Amino acid sequence: MKIVCDKDIILKAINSVTKAVASKTTMPILEGILIQTNDNQIKFTTYDLEIGIEYIMECEVQEQGATVVNAIMFSEIIRKLPDSEIHITINENNLLVIECEGSLYKLATMNPEEFPELPKIDIENSIQMEQNSLKEMVRKTIFAVSTEENRPIFTGCLFEIKNNKLNVVAVDGYRLALKTNILNNNTNSFHAVIPGKTLNEINKIIVDSFDTIKIGISKNQALFEMENLKISIEIGKVIISCTNQTGDAKEEIIVSTEGKNLEVGFNPRYFLDALKVIEDEEVYIEFGTNISPCIISPVESDEYKYMILPIRMKD
């Protein structure tokens with residue numbers, strides 16, 4: 001194998017695929033990047049047996065071939081090289097030789113035939129949307145995903161497509177986050193729960209642009225294809241107070257209210273998590289009773305909704 005490619009192109013590929021490199025495994029091959037050539041294209045593949053990522057780029061391929069190298073070592077070497085043309089070859093000792101200007105590195109390789117194949121996904125339903133829209137939807141719901149493995153269904157986000165609308169929902173048993181987006185293309189109605197871990201990694205890869213991303217769903221797999229995360233109420237104001245072992249805090253906020261006075265307690269972190277991802281100047285906060293959830297929603301649309309369950313307050 002002999003390839004010639006600019007550093008920035010290789011680095012972009014590495015940054016994309018390293019999200020699926022296994023960190024703790026008894027299989028060293030999963031700690032590597034599979035490098036394969038095909039005509040004048042190079043494909044980088046990583047797979048930790050849960051998430052698999054492929055990245056294809058155009059490069060000058062002088063000799064076809066395939067190999068696997070340790071992802072961390074390969075990544076660190078490429079990052080330290082000058083911003084110039086990089087020559088990568090496999091020598092007679094089956095070492096990966098990396099040359100760039102005056103720099104020379106040699107890395108041990110692994111047998112590419114031992115690298116596990118990514119599962120073949122028979123796409124049953126799919127949607128297309130802009131990457132920035134998906135990035136925003138994940139960011140505005142992922143914080144409400146549960147981290148408790150004993151309830152695995154809550155550790156993911158529900159993607160629900162209905163009436164040409166995508167709803168992304170996260171719930172952990174104490175709160176709910178909902179973000180809605182109108183799809184531009186007609187599509188079938190379907191739903192799937194995608195693990196939060198996967199969505200976090202996907203959100204690191206996709207860019208804040210109008211470029212398209214395609215999400216394909218099969219029975220138990222998802223494929224992302226792209227081009228290369230205490231209130232006490234009185235009429236007219238809200239008093240927010242907090243008491244713990246280190247002291248008390250109290251703040252009054254002038255608001256527009258409707259309904260009766262109510263005193264109800266909430267975990268403040270759940271409120272902060274929701275408010276951090278809302279850009280609106282004003283929001284509705286609706287309360288029922290001191291034992292029913294509150295709902296945070298926009299004033300002029302219905303594109304998102306957050307539900308938080310109250311906690312019992314001490315007298």
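Applying the Kirkwood pairwise sum to the alpha-carbon positions of the range 20-107 produces a hydrodynamic radius of 13.8 angstrom.
Evaluate the range 55-104: find the radius of gyration of its Cα atoms, find its Kirkwood radius, and give the ratio Rg to Rh.
0.93
Rounded to the nearest 0.05, what FRET efficiency do GLN128 and VAL299 give with R0 = 25 Å and r taken as the Cβ-Cβ distance? Could you check?
My answer for the efficiency is 0.25.
As a calculated quantity, the FRET efficiency between TYR284 and ASP39 at R0 = 45 Å, using C-beta atoms, amounts to about 0.20. Placing a label point 7 Å from the Cα of ASN220 along the Cα-to-Cβ direction, the residues of the range 48-64 with a backbone N closer than 18 Å are 48-52. Treating r as the C-beta distance of LEU309 and VAL207 and R0 as 35 Å, the FRET efficiency rounds to 0.50.
Pair-distance distribution of the range 125-197: all C-alpha pairs, bin width 5 Å, starting at 0; shares per bin in whole percent are 3, 18, 28, 24, 15, 9, 3, 0. For the range 55-68, the Karplus equation 6.51 cos²θ - 1.76 cosθ + 1.60, evaluated at θ = phi - 60°, returns couplings of 9, 10, 9, 8, 8, 7, 9, 8, 8, 6, x, 8, 6, 10 Hz by residue, with Gly and Pro reported as x. Bridgeable aspartates and glutamates around LYS162 (alpha carbons under 19 Å apart, same-chain partners fewer than 8 residues away excluded): GLU124, GLU130, ASP302, GLU303. With the convex hull drawn over the C-alpha atoms of the chain, the volume per residue is 194 Å³.
Hey, any idea what % of the chain's accessible area is carbon plus sulfur with a 1.4 Å probe? If you can, show how the numbers build up before the last one.
Details: 8700 of 18380 Å².
The C+S portion of the solvent-accessible surface of the chain is 47 percent.
Excluding ligands, DNA and RNA, what is the solvent-accessible area per residue of the chain at a probe of 1.4 Å, expressed in Å²?
On the way: 18380 Å² over 315 residues.
With all protein chains present, the chain gives 58 Å² per residue.
State log₁₀ I(q)/I(0) for the range 62-163 at q = 0.21, 0.25 Å⁻¹ as given by the Debye formula over alpha-carbon point scatterers of equal weight, solvent excluded. Each listed q maps to, in turn, -1.06, -1.36.
The stretch between ASN188 and LEU49 holds 47.1 nm of extra length on full extension. This uses 0.36 nm per residue minus the Cα-Cα distance. Here the gap between ASN200 and ASN15, fully extended at 0.36 nm per residue and compared with their Cα-Cα distance, gives a gain of 65.1 nm. Give me the base-10 log of I(q)/I(0) for the range 175-228 at each q in 0.15 Å⁻¹, Debye formula, one uniform scatterer per Cα, rounded to two decimals. Here the Debye-derived log intensity ratios amount to -0.54.
The values are calculated or read from the model by the stated rules, or taken from the named source; none is laboratory data. What you see is a predicted model; the values in this text were computed from it and never measured. Every residue, glycine among them, receives a Cβ derived from its backbone with ideal geometry; neighbour counts consider all protein chains shown. When the accessible area is computed, the model is the full protein with side chains, heavy atoms only, and any ligands, DNA or RNA have been set aside. Shrake-Rupley method; radii C 1.70, N 1.55, O 1.52, S 1.80 Å.
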